[in-house]
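*Asks:* So that we are looking at the same thing, I have put the structure below in structure tokens.
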Amino acid sequence: MSTGSGEFRAGFAALAGRPNVGKSTLLNALVGEKLSIVTPRPQTTRHRILGLLNLPQAQIAFVDTPGLHHGARRALNRAMNRTAASALADADVVLLVVEAGRWTPEDQLALDRAAASGRPCIAVVNKMDRIHPHEKVLPWVAELAARHAFADVVPCSARSADNLDRLVQQIVGQLPVSPPLFPPEQLTDRDTAFRIAESIREKLTLELNQEVPYGIAVAIERMVEAEGRLEVSAVIWVDREGQKPIVIGEGGERLKRIGRAARMELNRLLGRRLHLELWVKVREDWADNAQALKALGLE
């Protein structure tokens, strides 16, 4: 892709928005590989996750962030909001991701944070594939455009990858002239242990649905090469004793199902054979414990 000037551009594009607008799906679609886990539950993303897109004349470092939200009563939620806000401050351009046809107080919170960063902001109207015909949402898009001096407003669909080329062009135009910031072969700043832990947490969230609230975390305790495969032991932390049997399931069947789903996906994503051992342990109220959050890389 040409920037028009022949000069190479590189910089950071932070994805901001309320929970569940599709930021992680958008990141994965833009870089062409699953880096951020995706579930229907809000606040799935807890960490700042970098994903790199290398183009002939540009390198975009996308930064996926936790959804900005009100009512951050627990230390975990406050840490997630801080993570998102700091990513905006460090960005060259902010992508405000919103859901087509819907505007909530948390969307306004995300816009306020994006505006306060002082960075150029592109409004990304996601989930356009759910609107038929597209013309129905045009008045809403016009209202959105009037809310802020956006660099552009780009309707798209992360799920179907519709109109992402235009979005990428608009992002490149906002980046500074710069040599690449990362080696061309690098895809993310997250290591294998992080990606394994996140995949396990995704399968946990999908399996448990509403049965266990947000007090679940995953920590990798051991990773060793053995007999041509990667052997991994991981601990699933819950914050109530009563949650442990729910996660394990009758006869351990639920935990086996979660491990099998994570292993199959990781075999594909990492291109290698894995053996997973999962253990469930209780750490009371870990989501309100600063030491626990730090140990889990959440603070």
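The values are calculated or read from the model by the stated rules, or taken from the named source; none is laboratory data. Fair warning: this is a prediction, and the values are worked out from it, not measured in the lab. Glycine also receives a Cβ, built like all others from the backbone with ideal geometry; neighbour counts cover every protein chain displayed.
*Asks:* Out of segment 123-171, which residues are small (Gly, Ala, Ser) and not in a strand (DSSP E or B)?
*Replies:* Within segment 123-171, 142, 145, 146, 149, 151, 158, 160, 161 qualify.
*Asks:* Restricting the first residue to segment 35-61 and requiring it to be crowded, with 22+ Cβ neighbours inside 10 Å, which pairs with a second residue that is outside any loop (DSSP other than H, G, I, E, B) and among the hydroxyl-bearing types (Ser, Thr, Tyr) meet a Cβ separation below 6 Å and a spacing of at least six or different chains?
*Replies:* Every condition considered, the pairs that remain are 35/188; 36/24; 45/24; 51/188.
*Asks:* Regarding residue 259, is this residue in a helix (DSSP H, G or I) and surrounded by fewer than 14 Cβ atoms within 10 Å (Cβ to Cβ)?
*Replies:* no
*Asks:* Against the definition (surrounded by fewer than 18 Cβ atoms within 10 Å (Cβ to Cβ) and either within 24 Å of the chain's Cα centre (by Cα) or not in a helix (DSSP H, G or I) (or both)), how does residue 272 come out, yes or no?
*Replies:* Spelling it out, residue 272 is indeed surrounded by fewer than 18 Cβ atoms within 10 Å (Cβ to Cβ) and either within 24 Å of the chain's Cα centre (by Cα) or not in a helix (DSSP H, G or I) (or both).
*Asks:* Can you find, within segment 167-208, the residue that is surrounded by the most Cβ atoms within 10 Å (Cβ to Cβ) among those that are basic (Lys, Arg) and more than 20 Å from residue 52 (Cβ to Cβ)?
*Replies:* Ranking the candidates gives 203 first.
*Asks:* Can you tell me which residues in segment 266-296 are touching a helix residue (DSSP H, G or I) at 6+ places or on another chain (Cβ under 7 Å), of a type in the set (D, E, K, R) and closer than 16 Å to residue 220 by Cβ?
*Replies:* Within segment 266-296, just 283 meets the criteria.
*Asks:* Right, something else. Check whether at least one residue in segment 182-200 is modelled with pLDDT of 95 or more, assigned by TED's automatic domain parsing to the domain that holds residue 36, assigned to a loop (DSSP other than H, G, I, E, B) and in contact with a strand residue (DSSP E or B) (Cβ under 6 Å, 6 or more places away or on another chain), and report yes or no.
*Replies:* no
*Asks:* Would you please name the residue that is modelled with the highest pLDDT, looking only at residues in segment 201-259 that are hydroxyl-bearing (Ser, Thr, Tyr) and touching a Leu at 6+ places or on another chain (Cβ under 9 Å)? Before the answer, list the steps.
*Replies:* Initially, segment 201-259 is screened for residues hydroxyl-bearing (Ser, Thr, Tyr), giving 205, 214, 233.
Right, trim to touching a Leu at 6+ places or on another chain (Cβ under 9 Å) and you get 214, 233.
Values: 214: 66, 233: 97.
So the residue we want is 233.
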